[in-house]
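Undergrad: Below is one structure. I have some questions about it.
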Protein chains: 2
Amino acid sequence: MVTIKDVAREAKMSVATVSRVLNGSGPVSEETRRLISEVAGRMRYVPHSGARSLITSKTQTLGVLLPDLYGEFFSEVIRGMDDTAQRNGFHLLISRAYADRHGIETAIRAMRGRADGVVVMSPDLDAESLLNLPSTIPVVLLCSVSRGNEIDSLTIQNCRGAREMVGHLISVGHRRIAIIKGSPRNYDAAERLRGYRMSLREAGIMLDPLLEREGDFTEAAGYSAVLELIALKNRPTAIFAANDSMAIGALSALRESGIAVPEEMAVAGFDDIPLARYMDPPLSSVHVPIWELGARAVELLLHGITHKNDHPRRRERVSTKLVIRRSTGGVPAERPPPQTLKRKLVSV
Amino acid sequence: MVTIKDVAREAKMSVATVSRVLNGSGPVSEETRRLISEVAGRMRYVPHSGARSLITSKTQTLGVLLPDLYGEFFSEVIRGMDDTAQRNGFHLLISRAYADRHGIETAIRAMRGRADGVVVMSPDLDAESLLNLPSTIPVVLLCSVSRGNEIDSLTIQNCRGAREMVGHLISVGHRRIAIIKGSPRNYDAAERLRGYRMSLREAGIMLDPLLEREGDFTEAAGYSAVLELIALKNRPTAIFAANDSMAIGALSALRESGIAVPEEMAVAGFDDIPLARYMDPPLSSVHVPIWELGARAVELLLHGITHKNDHPRRRERVSTKLVIRRSTGGVPAERPPPQTLKRKLVSV
DNA sequence: GCCCTCTATGTAAACGATTACATATTTGGG
DNA sequence: CCCAAATATGTAATCGTTTACATAGAGGGC
């Protein structure tokens, strides 16, 4: 491997000068600049980032700790992070970690000397556990919050989004509205449940425990929850699933049970994954700007890094948007004319 | 930050001994071992991986270069890679790169000193461009092959999978079978097209250029391709989409046009994404073991690394499997009894 | 008691860059 | 023509590890 010394020798210059040329730091004559650039290019010299980061104590790398995430969410959040990181000259070191405190600590520790900061996504961790992460480098919490105010955090406007969707169901006439919940330990799921209940209470509708079914964000969970719901003596007329995957499982179960959507049962989801509009009927959902979520998390992290982790902590939420399609009935279907269809779909 | 020197001073030992204890190398007395472990633990010492990799010239990190990938594929391939990497004590440095030769070269170069090897996924790049990647570290090509035999590569059994699916459509009686293609520059897409044609030829069916429609792997492309196909004077009776996303777009278009699937039109996809079984009707597809794809790519890369890139190059393909559901008709629907449903769904 | 072989530990040289400081050369003002 | 300032380049310390080599003491065979 060719090092800076090799280049220096070949160009008959000192390593210092070579370094200066390569980094554009310090004064160098135009002549030397050209000579060294030429030699370095010819020898295909590439600086060794490990060595560089040892002396500068900057790695230009961001760690990302993720739980087991499936589908579009994972891809899109990473896309947002990578776009933002690259634009700022950073790389992404991605690692999946067990969601318990020990797993996270180990993973964060392994980042020492590898990353300048870490985005930790751990929606299933309870707030206390995250209180004192043993980290000297900046940390941003994604989709969870710590109890204290020690860590920057970024979350989805879960509660508001759920409240609006349930509010919409109520506004088109539903009174018996079921929810398929996510895991009780999951922050997003808990917040969405809170929004559901809040909305019902606001409309003066009594909460019915029978209408709150367990789920775990998988299609299979949505499927079996529906089987239970339609077996009830007093069936709901609408179902709000805490995410789209479960809503899709729900649609599938309703279809097989011969229950018409939205006529006999309205269905709504959360996330607005790209496939939602291709369901039958197209699925109403709460749109989550996932790319922005990743992008913003990295921005927060970079801010922490430039301020050497000595900055007022922030707590932000990205806002959601109601997307009403046919599965909730009551409102004209979203069906753009064919000629404009392609562009619109791609842009969403 | 606490360094190995701090630990040495605190334990009144030399850095060499501390290093020996921490790495379990060289002889140390049981007493010193305990003392140093205790001190290091108490001081929360974590070795600086940058410094370590500088001297050992091992980073314990694998680079991953990906194009713009969407949905389940992206998540799942990374999951497979990360699982395998972690099991071998490696980390993943993930970067999205422009798919042109220059972008890839730059990205690979940026990996120097950061990664011990790189997995490059670049299905849209032509074979020649990949011929001489300027890399001293091992490279594995994913979903593409280089013309020479200079680089390890791993691909999907695209051609065989497509051939089998089209063969199945033929076996249930179809003669006019359309294909919605992927981008012509995409390796997977080209191979799937080849399998489609091969299968038709084997059955003595004339190829009809009108039945080969352009696509780009998006739902929108599938949607509009179907609108064109059903406008033909001599409609096909079956549609093979080169991936599931386009098949889903196709289903949506057929539904809106009031064409019954599979009675009036059979539809098949490729990839077998988890959602395929939740479509209406459940979508027949060619199953691709995505996790295994990622896992195997990392295994190949690790092999190259341990052999210092001086090993016979391999060219492997992961095998696909036909999954027939209702959208192609002709065969009993896959609908497991409710009680076993959940387990089965999750495991797929 | 001598020498040889272990075992346990320390010393110091790498690894490949950056950069403070020193030195040499040029430039220009008076 | 001299000296200060500016410019260009070099020398060497440094970052935090690993590890080859050196050293010192302990144990054992003769």
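Undergrad: Just to confirm the number: angle between the C-alpha axis of helix A:187-202 and the first principal axis of chain A, 0 to 90 degrees, nearest 10?
TA: 40
Undergrad: How many partner chain Cβ atoms sit within 10 Å of a residue's Cβ in peptide A:88-101, on average, as a whole number? Please report the intermediate quantities before stating the final value.
TA: Working: counts 0, 0, 0, 9, 6, 6, 9, 6, 7, 2, 0, 0, 0, 0.
So the per-residue partner count for this stretch is 3.
Undergrad: Report the far tail of the P(r) of the range B:72-205, meaning the percent of Cα-Cα pairs longer than 22 Å.
TA: 48
Undergrad: Specify the residue with the greatest mean-square fluctuation among B:Glu72, B:Glu30, B:Glu214, computed from a Gaussian network of chain B linking alpha-carbon atoms under 10 Å apart.
TA: B:Glu30
Undergrad: Sticking with this structure for a sec: Between copies, how far does the label point of A:Arg255 sit from its twins, in nm, shortest first, when each point is 7 Å from Cα along Cα→Cβ?
TA: 0.6
Undergrad: Could you report the buried accessible area between A and B, both sides summed, computed with a 1.4 Å probe and given in Å² to the nearest 100? Working shown, then result.
TA: Details: alone 17890 and 17900 Å², together 30040 Å².
Summing both sides, the interface buries roughly 5700 Å².
Undergrad: Another question, then. Under the rule of at least 5 residues apart or a separate chain, name every residue whose amide H is placed under 5 Å from the amide H of A:Val318.
TA: Result for A:Val318 returns A:Thr155, A:Ile156, A:Gln157.
Undergrad: Answer rounded, prolate or oblate for the protein assembly as shown, using the Cα gyration tensor with square roots of eigenvalues a ≥ b ≥ c: rounded when a/c is under 1.5, else prolate when a/b is larger than b/c, else oblate. Display every interim value, and only then the final one.
TA: Values: a/c = 2.14, a/b = 1.37, b/c = 1.56.
It is oblate, given that a/c is not under 1.5 and a/b is not larger than b/c.
Undergrad: How much of the DSSP bridge set in the protein assembly as shown is antiparallel, in percent, rounded to the nearest 5?
TA: Numbers: 9 of 73 bridges.
Of all bridge pairs located within the protein assembly as shown, approximately 10 percent are antiparallel.
Undergrad: Determine the calculated [θ] at 222 nm for the protein assembly as shown from helices alone, applying -39500 (n - 2.57) to every DSSP H run no shorter than 4 residues and normalising by the residue count; nearest 500 deg cm²/dmol.
TA: Details: 24 runs with 294 residues, N = 696.
The per-residue figure over the protein assembly as shown is -13000 deg cm²/dmol.
Undergrad: Related question: Can you tell me the dipole magnitude for the protein assembly as shown around its Cα centre, using point charges on the Cβ only (Lys, Arg +1; Asp, Glu -1), in Debye to the nearest 20?
TA: On the way: 92 positive and 80 negative charges, 226 e Å.
Charge dipole of the protein assembly as shown: 1080 debye, to the nearest 20.
Undergrad: While we're looking at this one, here's another question. Between rounded, prolate and oblate, where does the range B:31-100 land on the alpha carbon gyration tensor, with a ≥ b ≥ c its root eigenvalues, rounded for a/c under 1.5, else prolate if a/b exceeds b/c?
TA: Values: a/c = 3.65, a/b = 2.40, b/c = 1.52.
It comes out prolate by the Cα gyration axes.
Undergrad: With just the Cα atoms defining each centre, how far is the range B:266-327 from the range A:69-86? Give it in Å.
TA: Taking the Cα centre of each part, the range B:266-327 and the range A:69-86 sit 21 Å apart.
Undergrad: Next up: In the structure displayed, which of B:Lys5/B:Lys308; B:Lys58/B:Lys308; A:Lys233/A:Lys321; A:Lys5/B:Lys58 lie more than 22 Å apart, Cα to Cα? Could the numbers behind the result be given before it?
TA: Details: B:Lys5/B:Lys308 32 Å; B:Lys58/B:Lys308 11 Å; A:Lys233/A:Lys321 34 Å; A:Lys5/B:Lys58 20 Å.
Listed pairs above 22 Å: B:Lys5/B:Lys308; A:Lys233/A:Lys321.
Undergrad: Angle, helix B:158-171 long axis vs. longest principal axis of chain B, Cα atoms, 0 to 90°, nearest 10?
TA: That works out to roughly 30 degrees.
Undergrad: A further question follows. Which value, in debye to the nearest 20, gives the size of the charge dipole of the range A:4-47 about its Cα centre, when Lys and Arg are +1 and Asp and Glu are -1 at the Cβ? Spell out each step's value before the answer.
TA: Working: 8 positive and 5 negative charges, 22 e Å.
For the range A:4-47, the charge dipole is close to 100 debye.
Undergrad: Hey, what angle do you get for helix A:30-42 against the long axis of chain A, alpha-carbon based, 0 to 90 degrees rounded to 10?
TA: Long axis of A:30-42 versus the principal axis of chain A: about 60 degrees.
Undergrad: Let me know the charge dipole size of chain B about its Cα centre in debye, to the nearest 20, where only the beta-carbon of Lys, Arg (+1) and Asp, Glu (-1) is charged. Let's see the in-between values first.
TA: Working: 46 positive and 40 negative charges, 180 e Å.
That gives chain B a dipole magnitude of about 860 debye.
Undergrad: Specify the inter-centroid distance of the range B:1-62 and the range A:177-249, based on alpha-carbon positions, in whole Å.
TA: Taking the Cα centre of the range A:177-249 as reference, the centre of the range B:1-62 is 52 Å away.
Undergrad: Let me ask something additional. Would you mind listing the distances between the A:Ser29 label point and the same position in each other copy? Use 7 Å along Cα-to-C-beta, nm, one decimal, shortest first.
TA: Copy-to-copy label distances for A:Ser29: 6.2 nm.
Undergrad: Also, I was wondering about something else. Can you tell me which of A:248-261, A:217-230 comes out highest on packing, and rank the rest after it, using the mean Cβ neighbours within 10 Å?
TA: Details: A:248-261: 20.0, A:217-230: 22.9.
Top to bottom by mean Cβ count within 10 Å: A:217-230, A:248-261.
Undergrad: What average count of beta carbons from other chains do you get within 10 Å of the Cβ of residues in B:249-257? All intermediate terms of the calculation are to be shown ahead of the outcome.
TA: On the way: counts 6, 1, 3, 6, 3, 0, 3, 4, 0.
Neighbouring Cβ atoms belonging to other protein chains average 3 per residue here.
Undergrad: Based only on Cα atoms, what mean projected area does the convex hull of chain B have, in nm²?
TA: On the way: hull surface 91.4 nm².
Approximately 22.8 nm², given one-decimal rounding.
Undergrad: Averaged over its residues, how many other protein chain Cβ atoms are within 10 Å of peptide B:48-60's Cβ atoms? All intermediate terms of the calculation are to be shown ahead of the outcome.
TA: On the way: counts 6, 9, 15, 5, 3, 8, 8, 2, 1, 3, 1, 3, 2.
Going residue by residue through B:48-60 and averaging, the value is 5.
Undergrad: Note down the relative contact order for the range A:4-47 as a percent, whole number, built from C-alpha pairs under 8 angstrom at least six residues apart. Each step should come with its number before you reach the end.
TA: Working: 31 pairs, mean separation 18.5, N = 44.
Reported relative contact order: 42 percent.
Undergrad: In nm, one decimal, shortest first: how far is the label point of A:Thr3 (7 Å from Cα along Cα to beta carbon) from the matching points in the other copies?
TA: Nearest first, the other copies' label points are 1.8 nm away.
Undergrad: Taking a ≥ b ≥ c as the square roots of the eigenvalues of the Cα gyration tensor of the range B:223-342, is the shape rounded (a/c under 1.5), prolate (a/b larger than b/c) or oblate? All intermediate terms of the calculation are to be shown ahead of the outcome.
TA: Working: a/c = 3.40, a/b = 1.93, b/c = 1.76.
Taking the square roots of the gyration eigenvalues as a ≥ b ≥ c, the range B:223-342 is prolate.
Undergrad: Out of A:Pro289, A:Gly249, A:Ala225, whose Cα points farthest toward the positive end of the dipole of the range A:215-306 (charges: +1 Lys, Arg; -1 Asp, Glu; placed on Cβ)?
TA: Working it through, the farthest residue towards the positive pole turns out to be A:Ala225.
Undergrad: So, one more: Would you mind computing the Rg to Rh ratio of the range B:158-315 from its alpha-carbon coordinates, Kirkwood style for Rh?
TA: Details: Rg = 17.4 Å, Rh = 16.4 Å.
That ratio is 1.06, to two decimals.
Undergrad: Additional query: Using the Kirkwood formula over every pair of different C-alpha atoms, what hydrodynamic radius in Å results for the range A:4-47? List each step's numbers first, then the result.
TA: Values: mean 1/r = 0.1006 Å⁻¹.
This gives a value of 9.9 Å.
Undergrad: Loop only per DSSP, at most 12 neighbouring Cβ atoms within 10 Å: give me the trypsin sites (Lys or Arg not before Pro) in the range B:276-329, ordered by residue number. Please report the intermediate quantities before stating the final value.
TA: Values: sites: B:Arg277, B:Arg296, B:Lys308, B:Arg313, B:Arg314, B:Arg315, B:Arg317, B:Lys321, B:Arg325, B:Arg326; in loops: B:Lys308, B:Arg313, B:Arg314, B:Arg325.
Of the trypsin sites (Lys or Arg not before Pro), the ones in loops of the range B:276-329 whose Cβ has at most 12 other Cβ atoms within 10 Å are B:Lys308.
Undergrad: If contacts are Cα pairs under 8 angstrom and at least 6 residues apart, what is the relative contact order of chain A in percent?
TA: Details: 636 pairs, mean separation 54.1, N = 348.
Once divided by the residue count of chain A, the mean separation gives 16 percent.
The values are calculated or read from the model by the stated rules, or taken from the named source; none is laboratory data. Computed from a predicted structure; not experimentally measured. When we count neighbours, we look across all protein chains shown, and the Cβ atoms used for this are built from the backbone with ideal geometry, even at glycine. When the accessible area is computed, the model is the full protein with side chains, heavy atoms only, and any ligands, DNA or RNA have been set aside. Shrake-Rupley method; radii C 1.70, N 1.55, O 1.52, S 1.80 Å.
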